[in-house]
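The values are calculated or read from the model by the stated rules, or taken from the named source; none is laboratory data. None of these values were measured; they are calculated from a predicted model. So basically every Cβ, Gly included, is an ideal-geometry build from the backbone, and we count neighbours across all protein chains shown. Areas reflect the complete protein model, heavy atoms only, side chains present, ligands, DNA and RNA absent. Shrake-Rupley method; radii C 1.70, N 1.55, O 1.52, S 1.80 Å.
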Amino acid sequence: DWTQLDAWLQKLDAAPLAAFDTETTSLDPMQARLVGMSFAVAPGEAAYLPLAHRYAGVPQQLTFDEALAKLKPWLESPRHAKLGQNLKYDMIVLRSAGVEVAGAHFDDMVASYLLHAGERNHSLDELSLRYLRHQTIKIDELIGSGKNQKRMDEVPLPQITEYAAEDADVA
């Protein structure tokens, strides 16, 4: 709700470094529509903001444009350091939504490539296993695969919350 979003904006504003990620409808950032965003400010202190989930019985979500307008000053602030996995993708998706992300501080995918250019895989799953010895929940466990695969906007919010809680010890 709006009160929770305002509380998270205060946390993000106060954090010396915050992680963020987008959830979208496509792997192609030029075709993707923004579905939601996640934020973390400390280990175990994270939140998912649903913006455009679309399925029968979906709970009410915050108004997309208003929520993004509230986040925009933080996202566009160069003084707020942000980290993520494949930030270039997130920046392209957000640019399509009218937000010019600034303050990109660290991208673990880029760092992995720079340290291990010969490796084939620099995914979050691979990096988590390699450096943290933690097996992440695979995306196909959440959205399925093949002809039964869902888009992220079709995944029920309770299911996302359940998966996020299982992985909370890694944040």
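The label point for Lys138 and the one for Val58, both projected 7 Å from the Cα toward the Cβ, are 2.7 nm apart. Can you give the FRET efficiency to the nearest 0.05 for Glu100 and Ser145, using r as the Cβ-Cβ distance and R₀ = 35 Å? Efficiency for this residue pair is about 0.55.
Spread over its residues, the convex hull of the C-alpha atoms of segment 36-154 is 147 Å³ per residue. Less than 16 Å apart at the alpha-carbon level, and either on another chain or at least 8 residues along: which aspartates and glutamates does that give for Lys72? Once the sequence-local aspartates and glutamates are set aside, what remains near Lys72 is Asp6, Asp13, Asp21, Asp90, Glu100. Distance between the pseudo-spin-label points of Leu27 and Ala81 (7 Å out from Cα toward the beta carbon): 3.2 nm. Each stretch of four or more DSSP H residues adds -39500 (n - 2.57); spread over every residue of the chain, this sum gives -10500 deg cm²/dmol at 222 nm.
Please state the relative contact order of segment 73-112 as a whole percent: Cα pairs under 8 Å, 6+ residues apart? If you can, show how the numbers build up before the last one.
Values: 48 pairs, mean separation 21.6, N = 40.
Dividing the mean separation by the residue count of segment 73-112 yields 54 percent.
Quick one: dipole size for segment 1-96, taken about the Cα centre, charges +1 on Lys/Arg Cβ and -1 on Asp/Glu Cβ, in debye to the nearest 20.
Once rounded to the nearest 20, the dipole reads 200 debye.
Centre-to-centre, using Cα atoms only, segment 16-55 and segment 74-137 are separated by 12 Å. A 1.4 Å probe run over the chain, with the rest of the protein chains in place, finds 59 Å² accessible per residue.
Averaging sequence separations of C-alpha pairs under 8 Å and six or more residues apart, then dividing by the length of the chain, give the relative contact order as a whole percent.
In percent, rounded to a whole number, it is 24.
Listed highest first by mean packing, meaning other Cβ atoms within 10 Å per residue, what order do 18-29, 111-122, 65-76 come in? Don't skip to the end; give the middle numbers.
On the way: 18-29: 18.5, 111-122: 11.9, 65-76: 16.2.
Top of the packing list down: 18-29, 65-76, 111-122.
About its Cα centre, what dipole magnitude does the chain give when the only charges are +1 on Lys and Arg Cβ and -1 on Asp and Glu Cβ, stated in debye to the nearest 20? Let's see the in-between values first.
Numbers: 16 positive and 25 negative charges, 69 e Å.
Roughly 340 debye for the chain.
By the rule of a C-alpha distance below 23 Å, with chain neighbours fewer than 8 residues away ignored, the lysines paired with Lys147 are Lys138.
Across segment 94-159, the mean sequence separation of Cα contacts (distance under 8 Å, 6 or more residues apart), normalised by length, yields a relative contact order of 15 percent.
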